[in-house]
Amino acid sequence: MTQAATKMTFHVESSRVDAHSSVSRCKNAEIALDTDMAGNPDAFDPAELLLAALSACMIKGMERVAPILKFELRGVEVIVDGVRQDVPPKMESIRYQIIVETDESDQRLALLHENVKKYGTVFNTVAPGTDLSGVLRRR
């Protein structure tokens, strides 16, 4: 009988600070949340957090596969834009640009992009319910 692999688990706690903001905590980190109905320019709102999570997922995915692919990566920037539909409220579309600083070939850039899309937890959670597309290009 084989033993089932242990699944990764995640834990985040969020609490209201006041009518303008809340805070989420995880491990030793915290993020200010914009939960003000009028908006709070000093914090991420929920939709921006989703886009930030997606961009972090892409960068983390590249950090994971770069050593496996022996891909030389000097820098990465991810730009993400989302469009919200009102009824029902959801992210209707998300467009991204992954800009990498590297001397690798175009073929290797395409391979890196495929790995980011194939193995990203947040990417694969968002993709089925959203028109999600983008490009990976060199700086």
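The values are calculated or read from the model by the stated rules, or taken from the named source; none is laboratory data. Small disclaimer: the values here were computed from a predicted structure and weren't measured. Heads up, the Cβs are rebuilt from the backbone with ideal geometry, glycines too, and the neighbour counts pull from every protein chain shown. Please note that ligands, DNA and RNA were not included when accessible areas were found on the heavy atoms of the full protein model with its side chains. Shrake-Rupley method; radii C 1.70, N 1.55, O 1.52, S 1.80 Å.
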Given the rule -39500 (n - 2.57) for each run of at least 4 DSSP H residues, summed and divided by the residues of the chain, what is its mean residue ellipticity at 222 nm, to the nearest 500 deg cm²/dmol?
-10500 deg cm²/dmol
For the chain, take the longest principal axis of its alpha carbons; what is the angle in degrees between that and the long axis of helix 106-119, to the nearest 10 within 0 to 90?
50 degrees
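Based only on Cα atoms, what Rg/Rh ratio does the chain have, Rh being taken as Kirkwood's radius?
Here Rg/Rh amounts to 1.03.
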Relative to the first principal axis of the alpha-carbon coordinates of the chain, what is the inclination of helix 46-69, with its axis defined by its Cα atoms, in degrees from 0 to 90 and to the nearest 10?
20 degrees
Spelling it out for Leu33: with amide H atoms placed in the peptide plane at 1.01 Å from N, the residues 5 or more places away or on another chain with amide H under 5 Å from its amide H are Ser22, Val23, Ser24
Between Ser14 and Ile79, the two model label points (7 Å from Cα along the beta-carbon direction) sit apart by a distance in nm of 2.8 nm
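Over region 83-139, average the accessible area per residue using a 1.4 Å probe and give it in Å², no decimals. Don't skip to the end; give the middle numbers.
Details: 3460 Å² over 57 residues.
Per-residue accessible area for region 83-139 comes out at 61 Å².
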Would you work out which of Gln107, Met62, Ser93 lies farthest towards the positive end of the dipole of the chain? Charges go on Cβ: Lys and Arg +1, Asp and Glu -1.
Gln107
Region 127-139 - phi-based ³J(HN,Hα) in whole Hz, Karplus 6.51/-1.76/1.60, Gly and Pro as x
3, x, x, 9, 6, 10, 7, x, 10, 10, 9, 7, 5
Once the other residues with Cβ under 14 Å from the Cβ of Glu13 are scored (Lys, Arg +1; Asp, Glu -1), what is the net sum?
+2
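Count neighbours as other Cβ atoms within 10 Å of each site's Cβ, and list the trypsin sites (Lys or Arg not before Pro) in region 37-72 that are DSSP loop with at most 11 such neighbours.
In loop regions of region 37-72 (DSSP not H, G, I, E or B), the sparsely surrounded trypsin sites (Lys or Arg not before Pro) are Lys70.
Share of region 13-77's accessible area from carbon and sulfur, percent, 1.4 Å? Each step should come with its number before you reach the end.
Details: 2480 of 4340 Å².
Here it works out to 57 percent.
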For Asp103, net neighbour charge (Lys/Arg +1, Asp/Glu -1) across residues whose Cβ lies under 15 Å away:
+2
So if I place +1 on the C-beta of Lys and Arg and -1 on the C-beta of Asp and Glu, and nothing else carries charge, what would the dipole magnitude of region 40-139 be about its Cα centre? I want it in debye, nearest 20.
380 debye
Summing +1 per Lys or Arg and -1 per Asp or Glu among the other residues with Cβ less than 15 Å from Thr121's Cβ gives +4
Under the definition of Cα pairs under 8 Å and six or more residues apart, what whole-number percent is the relative contact order of region 11-139?
19 percent
Can you tell me the order of 80-90, 43-53 when each peptide is scored by its average per-residue count of other Cβ atoms within 10 angstrom, highest first?
43-53, 80-90
